[in-house]
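Structure first, commentary second.
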Amino acid sequence: AHRAPSEQCYASAENLRQAEGAMHSTMGTWVFVGLSIALVVLIVAMFYLLTLMRALQKCSPQSRTMAPGLVWLLLIPLVNLVWQFFVVMALSNSLGNEFRARGMVNAPREPGKQLGLAMSVCSVCGLVPFVRVLAGPVGLVLWIFYWVKIAEFSRMLDLPEGMGMQAGGGAPGV
């Protein structure tokens with residue numbers, strides 16, 4: 001069956017419209033998936049930052065080396081790459097100060113510092129081509145460990161004063 005030129009043109013235009021419709025549908029799906037992933041990442045990041053902020057809030061103002069609300073600056077892209085080092089150091093110093101102020105002699109001197117710095121270095125190295133293959137997954141694992149460790153230190157501050165680590169109880173580690 002041979003078609004007339006006008007029928008061929010109409011068929012080609014119809015095929016093109018169908019292909020465009022399928023492309024827009026697929027693109028719409030990818031946009032939805034991308035936005036969904038971004039939303040999940042943002043929600044997880046907010047819970048992480050809440051953990052850091054609450055740990056700082058549990059420290060007395062005299063022990064703090066950073067205002068608790070400043071952890072939220074980690075939500076700013078690119079700024080977070082540098083700011084995370086400041087947060088790790090301030091949180092470590094604040095927790096250490098608070099543990100000493102409460103007489104928790106067996107608590108770590110610089111809680112979470114080594115783990116936090118390793119996590120921060122990995123996140124920065126994750127920007128380097130080829131290095132990111134290793135630094136990205138390692139940084140993610142260290143981030144999870146750091147989050148858990150800070151939550152443990154924060155729970156230690158929930159104990160009544162004097163119930164800390166004086167009698168050789170041992171700290172959750174660094």
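Observations, loosely collected:
- Of the residues making up the stretch 36-60, those that are more than 20 Å from residue 101 (Cβ to Cβ) and not polar (S, T, N, Q) number 14.
- Of all residues making up the stretch 47-65, the number that are open to solvent by 80 Å² or more (accessible area, probe 1.4 Å) and assigned to a helix (DSSP H, G or I): 3
Table: residues versus (1) among the small types (Gly, Ala, Ser); (2) modelled with pLDDT of 95 or more.
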site: 62; (1), (2): no, yes
site: 98; (1), (2): no, yes
site: 116; (1), (2): yes, yes
site: 126; (1), (2): yes, no
site: 154; (1), (2): yes, yes
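- Search result, residues across the stretch 47-79 that are within 14 Å of the chain's Cα centre (by Cα) and without any contact (Cβ under 8 Å) to a residue 24 or more places away in the chain: 47, 50, 53, 71, 72, 73, 76, 77, 78, 79
- In the condition set (1) without any contact (Cβ under 8 Å) to a residue 12 or more places away in the chain; (2) over 19 Å from residue 47 (Cα atoms), residue 144 is compliant with all but (2).
- Cβ-Cβ under 6 Å pairs, at least 6 apart or on other chains, the stretch 110-131 side on the phi > 0 side of the Ramachandran plot, far side part of a helix (DSSP H, G or I) and not basic (Lys, Arg): 112/92; 112/150
The values are calculated or read from the model by the stated rules, or taken from the named source; none is laboratory data. The shown structure was predicted, so the numbers you read here are calculated from the model rather than taken from an experiment. Ideal geometry is used to build each Cβ from the backbone, glycine not excepted, and the neighbour counts take in all protein chains shown. Accessible surface areas use protein heavy atoms only, side chains included; no ligands, DNA or RNA. Shrake-Rupley method; radii C 1.70, N 1.55, O 1.52, S 1.80 Å.
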